[in-house]
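Presented below is the structure to which this report refers.
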Amino acid sequence: MVSQLQKLPTDETLGTLEPVVHFDGAMPTGVTVSHTGRIFVNFPKWGDEVAFTVAEIRDGRPVAYPNEAINRTNSDNLAQTLVSVQSIVVDPRDRLWILDTGSPMFQPTQYGGPKLVCVDLTSNQVIKTILFPQDVALPTTYLNDVRFDLRRGAEGIAFITDSSEQGANGIIVVDLASGESWRRLHDHPSTKAEELSSFLPVVEGRPFMERQPDGSTKPVKMGADGIAISADGSRLYYCPLASRRLYSVAVDALVDRASDDRAVAATVIDEGDKGGGADGLESDAAGCIYATNYEHNAILRRHLDGTWETLVHDPRLLWPDTLSVATDGYLYVTANQLHRQANYEKGRDLRQLPYSLFRIRINAQPVLLR
């Protein structure tokens, strides 16, 4: 008979996960860190009570940023107020870009809602707002994450994933000088969620699917989500949320308006299996790619030779969402228990406060294409 006091083998952690901030309100998704160490987060409107959709961490708590007024949605002036922000990213010139989905509760978008907003971190003022036309940000579009190459064009180029669960997926390319934008890889297979026959995600030991109170289920169909740019700016990496594959595409093809869809698609590379489903991707100046792994409560790093290693595996990483490499040599990550939301748990919200922001020492620097 085994003694009740005998310690049995159990799953072990790997790596050192450092808590930075805990959140007792709405669930966060995005995180980014300025070159001077300021931390910003965002809270999309997915059903929680969201007092402000973008915040700066000050004295250990989130404060509306850049101000409270812009965080109050004005349905009569969507272009000048924030609706529901999915991602915030500090660019290579240390400016904060806010990616507004314009889609609270994943509702159809209206012109003026989906936008890219630039905030000067010295003055804390909005200095540019780029609105997306309705043939770029479709009614079904869900703007998910963004990366930058500021060396291209007059003021740089931005690349955004459209992870829509209801419509076409793809990559949106934005000329930051003119504000012009266009879709690439529109509904290309590499941007789409995989079918259950080839990808069954398992989180906390259970298949991850939409589950209704009546027992009915349907697969998660969110497409292109995570995004990262290579250290030299030549390749853009991306992955559908519902897939274990990593893909890349030539940046030259994405930005060349003379290239047709077929020519762009010809540059797509299937980079292989990354070991699990990922929400967020990131890259560093040494050429490594980082991927969250929501199936294994982990973050993995891909080296230049294509090999993967596990940076951290920890039971506290309940749905690692967004990654951000900061100039302090740390990799920051939000953990928000997305899979425990009521939509995936037969109408029961199984999330437990607090949500967390962690960091991991990686001794690497962010990609600064400026």
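The values are calculated or read from the model by the stated rules, or taken from the named source; none is laboratory data. These numbers were taken from a predicted model, which means no experiment stands behind them. Glycine also receives a Cβ, built like all others from the backbone with ideal geometry; neighbour counts cover every protein chain displayed. Please note that ligands, DNA and RNA were not included when accessible areas were found on the heavy atoms of the full protein model with its side chains. Shrake-Rupley method; radii C 1.70, N 1.55, O 1.52, S 1.80 Å.
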Check: open to solvent by 10 Å² or more (accessible area, probe 1.4 Å), free of Cβ contacts under 8 Å to residues at least 12 places away in the same chain and under 20 Å from V41 (Cα atoms): does that describe T122?
Finding: yes
Notebook entry, point to check: Quick check: is even one residue across segment 215-223 more than 20 Å from N144 (Cα to Cα), at pLDDT below 95 and open to solvent by 30 Å² or more (accessible area, probe 1.4 Å)?
Noted result: yes
Next item on the list: Please work out if R245 is closer than 21 Å to A298 by Cβ, in contact with a helix residue (DSSP H, G or I) (Cβ under 9 Å, 6 or more places away or on another chain) and without any contact (Cβ under 8 Å) to a residue 24 or more places away in the chain.
Entry: no
Check: Do any strands (runs of 3 or more DSSP E) lying entirely in segment 229-315 carry at least 1 residues that are of a type outside the set (A, V, I, L, M) and crowded, with 22+ Cβ neighbours inside 10 Å, and which ones are they?
Finding: 235-240, 245-250, 281-283, 289-293, 298-302
Next item on the list: Kindly list the number of the only condition in (1) under 23 Å from V89 (Cα atoms); (2) among the small types (G, A, S); (3) loosely packed, with under 15 Cβ neighbours inside 10 Å that fails for S198.
Entry: (1)
Check: Within segment 144-160, is even one residue in contact with a Pro (Cβ under 9 Å, 6 or more places away or on another chain), more than 18 Å from L369 (Cα to Cα) and surrounded by 22 or more Cβ atoms within 10 Å (Cβ to Cβ)?
Finding: no
Next item on the list: Starting from segment 208-234, keep only residues that are within 19 Å of T140 (Cα to Cα) and touching a residue at least 24 places away in the same chain (Cβ under 8 Å), then list their pairs with residues that are part of a strand (DSSP E or B) and of a type in the set (F, W, Y) whose Cβ atoms are within a distance under 6 Å, requiring at least 6 positions of separation or different chains.
Entry: A224/Y238
Next item on the list: Looking for whichever is among the polar types (S, T, N, Q), within 19 Å of H339 (Cβ to Cβ) and surrounded by 15 or more Cβ atoms within 10 Å (Cβ to Cβ) here; the options are S181, S163, S190. Which one fits?
Entry: S163
Notebook entry, point to check: Based on what the data block shows, is D321 part of a strand (DSSP E or B) and closer than 22 Å to Q352 by Cα?
Noted result: yes
Next item on the list: Among the residues of segment 72-82, write down those that are of a type outside the set (D, E, K, R) and open to solvent by 10 Å² or more (accessible area, probe 1.4 Å).
Entry: T73, N74, S75, N77, L78, A79, Q80, T81
Item checked: Count of residues meeting criterion [part of a strand (DSSP E or B) and in contact with a helix residue (DSSP H, G or I) (Cβ under 6 Å, 6 or more places away or on another chain)] in segment 212-228 -> 1
Next item on the list: Among the residues of segment 65-90, count how many are more than 18 Å from A51 (Cβ to Cβ) and not hydroxyl-bearing (S, T, Y).
Entry: 7
Note to self: Residues that are more than 28 Å from G112 (Cα to Cα) and out of contact with any Pro (no Cβ under 7 Å at 6 or more places or on another chain), at least 1 per element: which strands (runs of 3 or more DSSP E) completely within segment 1-83 meet that?
What the structure shows: 18-23, 54-58, 61-64
Check: Pairs, please: C-beta under 8 Å, at least 6 apart or cross-chain, first residue under 21 Å from G37 (Cβ atoms) and assigned to a loop (DSSP other than H, G, I, E, B) and in segment 335-362, second modelled with pLDDT of 95 or more and of a type in the set (A, V, I, L, M)?
Finding: I362/L311; I362/V325; I362/L331
